[in-house]
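The values are calculated or read from the model by the stated rules, or taken from the named source; none is laboratory data. Note that this is a predicted model, so its numbers are computed, not measured. For neighbour counting, all protein chains shown are included, and Cβ atoms are generated from backbone atoms with ideal geometry for every residue, glycine included. For accessibility, only protein heavy atoms count, side chains too; no ligands or nucleic acids. Shrake-Rupley method; radii C 1.70, N 1.55, O 1.52, S 1.80 Å.
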Amino acid sequence: KQINLVSYLNAYNDLAPENFKKYIAEFGIGPLVRANEMEDLHSLVEVITSITKATNILNHFYVGFKINQISKEFDLLRIGKNSIINIELKRESTKGKITKQLIQNQYYLKFLDVTIYNFTYVASTKKLYMLIDSTYITEVNFDILIEKLMEQQLKEMKNLNYQVEK
């Protein structure tokens, strides 16, 4: 199920561990949530909310979505009629590793037949990278991510796995 990223972070911070497990199960988020991943997500949300007050762009995310057949996981995925936005969260990484992962993500998402925007957020440096022309990454300003989120025409999907398996 789709989730608001601020609500997700609040649940992690405010709920007792057993209640948080129930919460993430309700949204189909994997059983194991690592503290450092939550810190990285918190850092990304902080950067976005420091730039824009349009917090509705933090709605409708799939967190930790896995394609069942290949066990491919996407950290943050937002599906629209006109685009897909994928954001990978990293504490640290190299440009080579980021490039390889985003090219793979592009390949796995292309079947949805809409424009795909692949980003990686590196929390340790607070830098954002974007895949360009399905071949290389470049560091981009957060305004680009925010613009793509604002332009996106959201698509309601009852079961994302069903769409992927078709």
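Rounded, prolate or oblate: which fits region 9-76, taking a ≥ b ≥ c as square roots of the Cα gyration tensor eigenvalues, rounded meaning a/c under 1.5, else prolate when a/b beats b/c? Don't jump to the answer; show the numbers that get you there.
Values: a/c = 1.91, a/b = 1.30, b/c = 1.47.
The shape class here is oblate.
Suppose all protein chains stay in the model; what accessible area per residue would a 1.4 Å probe give for region 1-91, in Å²?
Roughly 49 Å² per residue, with all protein chains present.
Highest mobility in the GNM of the chain, judged by mean-square fluctuation with C-alpha springs under 10 Å and restricted to GLU18, GLU147, GLU39, is found for GLU18. Taking a straight line from the alpha carbon of LYS90, these aspartates and glutamates sit under 17 Å away, with near neighbours fewer than eight places off in the same chain left out: GLU37, GLU39, ASP40, GLU46, GLU73, ASP75, GLU139. For LYS97, the aspartates and glutamates whose Cα comes closer than 13 Å to its Cα, not counting residues fewer than 8 places off in the same chain, are GLU88. Taking the DSSP bridge list for the chain and keeping only pairs wholly inside it, about 70 percent are antiparallel.
Extension gain for ASN36 to MET150 (0.36 nm times residue separation, less C-alpha to C-alpha distance): 38.3 nm.
Legend: calculated FRET efficiency, LYS126 to GLU73, from the Cβ-Cβ distance at R0 = 25 Å, rounded to 0.05, equals 0.60. Mean sequence separation of contacting Cα pairs (under 8 Å, at least six apart), scaled by the length of the chain, corresponds to a relative contact order of 21 percent.
Cross-link pairs exceeding 28 Å in C-alpha to C-alpha distance, out of LYS1/LYS72; LYS66/LYS100; LYS95/LYS155, comprise LYS95/LYS155. When the solvent-accessible area of the chain is split by element, carbon and sulfur atoms take up 49 percent of it, the probe being 1.4 Å.
Could I have the simple spin-label model distance between ASN4 and LYS22, label points 7 Å from Cα toward Cβ, reported in nm to one decimal? Going from the ASN4 label point to the LYS22 one covers 2.1 nm. Charge dipole of the chain (Cα centre as origin; +1 on each Lys and Arg Cβ, -1 on each Asp and Glu Cβ, all else neutral): 340 debye, rounded to the nearest 20.
Just order 120-131, 92-103 by mean Cβ neighbour count inside 10 Å, highest at the front, would you?
Working: 120-131: 18.7, 92-103: 15.2.
Peptide ranking by packing, descending: 120-131, 92-103.
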